[in-house]
Amino acid sequence: MWTCTVSSPEMTIVLYSINGLPLYQGCSQSSHVFANNISSMGTAVHMELGELNLHMADEYQECLKESPFGMESNSGALMHIAKVSLDWGKKDTESSEEDGSRCKLVLNVDVTGMGIYLNFKRVESLITTGISFQALLKSLSASGKRTAQSRGGRSSKPSGKGTRFLKFNLERCSVNFCGDTGLENTVVPDPKRVNYGSQGGQVIISVLDDGTPRTASIMSSVSDECKKLKYSVSLDIFHFTLCMNKEKQSTEMELERARSMYQEYLEERSLDTKVTVFDMQNAKFVQRSGGLKGIAICSLFSATDIKVRWEPDVHLSLIELVLQLRLLVHHQKLQVYGNESKEDASNMKDTDQKKEAPSAPEHLDKHKKRESIFAVDVEMLTISGEVGDGVEAVVQVQSIFSENACIGLLLEGLLLSFNGSRVLKSSRMQISRILALPVACLMQKYQPP
């Protein structure tokens, strides 16, 4: 039997690039690790990290230069975690196996007070670093496979004695992204469509009476001097729990509340717009392997209240951000991988062309074997948005229920309104999907003898 204790009042870990340049710097104010095998169940490990801060190396050095008397540990941090607790070891759990073994490896992770602060520069650094290390790991794994094949070694199979239960608990998490979007005034063609009925049918008017093209001016609501609009998108998670059971092949997630907000700032840093884009309360997701015959996976999603808000400015800002990130990922992959991606794509196309398409009955058998059930239970759903200038649309559903959403949904208390005026109301509505056989099966079924 043995016991090991490691404590550190302050610990700093620096991640370097392949070229030897510092990328990220992680600091832990208080670290404690306890490990022993005193119990009859084997080795047990307990770890606590008091305060963890992750900085970008260049930003951290700039902050040190600007503050000669020192800086706060979490100022300018990329990620800040107040407390991390980890427990790993064998515990007595219920088991339905014939061997009666109830001691399984369990991993518990508790995270309290987590904050992630992003901007485009930090996201660019994370993407570049991730793609570089991905290429490095890919080359190392390829070389390892070649050496194993040259030695003629057999591939090792998993023993099945690893961690069987995982529980992750997250308390108070906030993810913030700050960026800016461009503002431009432009003029676009504005043809007008007119239907004269029997007098002339449908006519498109693209010019005015004086012969000039019919156009429309799209102008920003802020001053012309403002060319960039700063915004921030935040996601706040109040309590989140994840449980994974490899014995029963099940995954369970519980969320007390998640809220996403969008805020716009003018040049003078004054708050101009604040919109709650998403708000969900008491959500739960359960996924288990199907116990019934022909059912692969059974899933359940439930929530008490879901609110979704659509705004044109939010949509345009996020679309611009996604396009920038896609362009960044594309350029980074071209720089790192070169022509490997093109060769892999051509090889994938060749292998797909060589594969023969299965016949209709075989395809149906595979579809039946892979059939999954997705149940839905939502007590309140509200979707609102600005669909036009001065036009506010709201869709509200008091209950959404389905034992299998792939087949149909039951909606209760459906209400559609524009600017507070009720347009559509339904106390009970059922949406169902009619299963149909493929055309090939129908042709074979009704083929005359």
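Let me check I've understood the local charge: for Val45, count other residues with C-beta under 12 angstrom from its C-beta, Lys and Arg +1, Asp and Glu -1. What total comes out?
-1
Search the structure for amide H atoms under 5 Å from the amide H of Gly385, placed 1.01 Å from N in the peptide plane, and list their residues when 5 or more places away or on another chain.
Long-range HN contacts for Gly385: Trp310, Ala393.
Which length gain, in nm to one decimal place, applies between Lys138 and Ala82 when the Cα-Cα distance is subtracted from 0.36 nm times their residue separation?
Gain on stretching Lys138 to Ala82: 16.7 nm.
What spacing in nm lies between the two simple spin-label points modelled at Thr251 and Lys284, each 7 Å away from Cα in the Cβ direction?
1.9
Apply the Karplus parameterisation 6.51 cos²θ - 1.76 cosθ + 1.60, with θ equal to phi minus 60°, to every residue of region 204-221 and state each ³J(HN,Hα) to the nearest whole Hz, in sequence, with x for glycine and proline.
The phi angles translate into 9, 9, 10, 10, 8, 5, 7, x, 7, x, 7, 10, 9, 9, 9, 10, 6, 7 Hz.
Considering only the other residues whose Cβ falls under 9 Å of the Cβ of Thr273, what net charge follows from Lys and Arg at +1 and Asp and Glu at -1?
Net charge around Thr273: -3.
Local charge sum around Ile400 (other residues, Cβ-Cβ under 13 Å, Lys/Arg +1, Asp/Glu -1)?
Local net charge: -4.
Of the cross-linked pairs Lys91/Lys284; Lys83/Lys230; Lys167/Lys246, which ones have a Cα-Cα span greater than 20 Å in the structure shown?
Check vs 20 Å cut-off fails for Lys91/Lys284; Lys83/Lys230.
Where a number appears in this text, it was derived from the coordinates with a stated rule and is not lab data. None of these values were measured; they are calculated from a predicted model. Glycine gets a Cβ as well: all are built from the backbone with ideal geometry, and neighbour counts include every protein chain shown.
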